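Note sheet for the following structure.
The values are calculated or read from the model by the stated rules, or taken from the named source; none is laboratory data. Computed from a prediction, not measured in an experiment: that's the story for all the values here. Counting neighbours? That spans all protein chains shown, and the Cβs are built from the backbone with ideal geometry, glycine included.
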Amino acid sequence: MIIVQISDTHLALDGPEGERRLSDFARVIDDINALDPAPDVIVHTGDIVHHGRADEYAEAAAILARARAPVYVMAGNKDERANLLGAFSSSQHHLATGSPFIDYAVEDFPVRLIMLDTLSAASNKGDFCPARLNRLTAMIGAEPEKPIAVFTHHPPIEVLVGPDRYHFENLDAMQALRDALTRSGRVIQVFSGHVHRPYAGRVGSIPVTVATCVATALRRGEYPDTMKPVPLYAIHRHDPATGFSTETRMAGPWPGRRETDCHGTSHALECS
């Protein structure tokens with residue numbers, strides 16, 4: 001199974017970075033469409049747009065509609081739930097849950113995909129209240145056999161680079177989420193975004209992989225000059241015997257790269 005994860009596109013229609021963010025987003029979708037083999041699914045782990053406006057979501061939905069693989073979305077701290085639902089609920093029946101939260105399970109693949117809502121009304125950091133904890137417990141328990149990959153916008157781990165070590169406003173809430181993830185024994189991976197740089201950690205024995213942001217102007221970390229204008233996204237490949245492996249991919253074309261570089265393989269950081 002192949003999962004593509006995109007995160008933190010921060011689509012904006014005005015301001016000096018508007019066109020660049022539209023271009024970054026579109027380039028990534030074009031690159032995903034050219035993958036061979038094609039991914040089974042694309043997950044956007046939040047901060048789809050920057051201001052939560054309906055016109056921003058309309059543009060985001062139009063770009064994602066070009067994707068050839070099924071797309072599933074979730075909310076980040078910059079997202080506005082009602083406008084997100086208005087833009088995507090007609091094309092993604094999973095979102096029409098009647099819940100105040102955008103959380104749902106996707107049952108169509110060998111690995112179950114559970115999308116969590118960590119959006120807080122109080123800050124840019126994450127929240128995970130008792131109601132969401134109960135919903136997560138129910139979603140995990142709804143199917144007893146398949147392995148589970150959980151997607152969160154805010155990573156439920158300590159991040160040792162950047163200005164903030166913890167990305168939940170309440171560490172007890174983060175710990176409650178961590179306890180729920182480990183309790184079942186069937187969650188095999190957590191995928192997150194939010195920190196705008198690649199990172200990895202663990203919740204108990206569960207690997208956590210954090211994807212960097214698609215929006216190139218917001219990406220954190222040191223990159224060569226030729227890479228700075230190139231949007232990045234993540235490809236997660238699942239093997240039943242060994243679990244997930246992750247590749248961070250550069251969305252081509254980009255300056256200074258020949259089509260024959262990396263022996264004709266994908267435009268991946270591992271080949272750089």
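This table checks each residue for (1) within 18 Å of the chain's Cα centre (by Cα); (2) of a type in the set (F, W, Y); (3) not in a loop (DSSP other than H, G, I, E, B).
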residue	(1), (2), (3)
I157	yes, no, no
H194	yes, no, no
A200	yes, no, yes
T226	no, no, no
I235	yes, no, yes
H238	yes, no, yes
T246	yes, no, yes
G252	no, no, no
Only listed residue being out of contact with any Lys or Arg (no Cβ under 7 Å at 6 or more places or on another chain) and closer than 30 Å to P110 by Cβ, chosen from D14, D40: D40
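Out of region 125-145, which residues are out of contact with any strand residue (DSSP E or B) (no Cβ under 8 Å at 6 or more places or on another chain), farther than 14 Å from Q175 by Cα and not polar (S, T, N, Q)?
As a first pass, look at region 125-145 and keep what is out of contact with any strand residue (DSSP E or B) (no Cβ under 8 Å at 6 or more places or on another chain): 129-135, 137-138, 141, 144-145.
Then drop every residue that is not farther than 14 Å from Q175 by Cα, which leaves 131, 134-135, 137-138, 141, 144-145.
Selection gives A131, R135, A138, G141, P144, E145.
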Those residues of region 170-184 which are under 20 Å from the mean Cα position of the chain (by Cα) and farther than 15 Å from S205 by Cβ, in sequence order: M174, L177
Every pair of residues 6+ apart whose Cβ atoms lie under 7 Å, when the first sits in region 206-219 and is in contact (Cβ under 8 Å) with a residue 60 or more places away in the chain while the second is crowded, with 20+ Cβ neighbours inside 10 Å and assigned to a helix (DSSP H, G or I): V214/D24; V214/F25; V214/V28; A215/R21; A215/D24; T216/D24
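Please find, within region 211-226, the residue that is surrounded by the fewest Cβ atoms within 10 Å (Cβ to Cβ) out of those that are among the small types (G, A, S) and within 17 Å of V159 (Cα to Cα). Step through it out loud before you land on a result.
Let us first name the residues in region 211-226 that are among the small types (G, A, S), namely 211, 215, 217, 221.
Pick out the ones that are also within 17 Å of V159 (Cα to Cα) and you get 211, 221.
On the way: A211: 29, G221: 12.
Filtering first and then ranking leaves G221.
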Count - residues of region 14-64 that are within 16 Å of the chain's Cα centre (by Cα) and on the phi > 0 side of the Ramachandran plot: 2
Residue within region 238-250 that is of a type outside the set (V, I, T), in contact with a helix residue (DSSP H, G or I) (Cβ under 6 Å, 6 or more places away or on another chain) and modelled with pLDDT of 95 or more present: no
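So which residues in region 27-54 are free of Cβ contacts under 8 Å to residues at least 40 places away in the same chain, assigned to a helix (DSSP H, G or I) and either touching a helix residue (DSSP H, G or I) at 6+ places or on another chain (Cβ under 9 Å) or of a type in the set (A, V, I, L, M) (or both)?
Start the filter on region 27-54 by keeping residues that are free of Cβ contacts under 8 Å to residues at least 40 places away in the same chain, which leaves 29, 33-34, 36-38, 42, 44, 48, 51-52, 54.
Filter once more, keeping what is assigned to a helix (DSSP H, G or I): 29, 33, 54.
Answer for region 27-54, where residues must be free of Cβ contacts under 8 Å to residues at least 40 places away in the same chain, assigned to a helix (DSSP H, G or I) and either touching a helix residue (DSSP H, G or I) at 6+ places or on another chain (Cβ under 9 Å) or of a type in the set (A, V, I, L, M) (or both): I29, A54.
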Qualifying residues in region 178-197 (those that are more than 24 Å from N124 (Cβ to Cβ) and β-branched (V, I, T)) - the one surrounded by the fewest Cβ atoms within 10 Å (Cβ to Cβ): T182
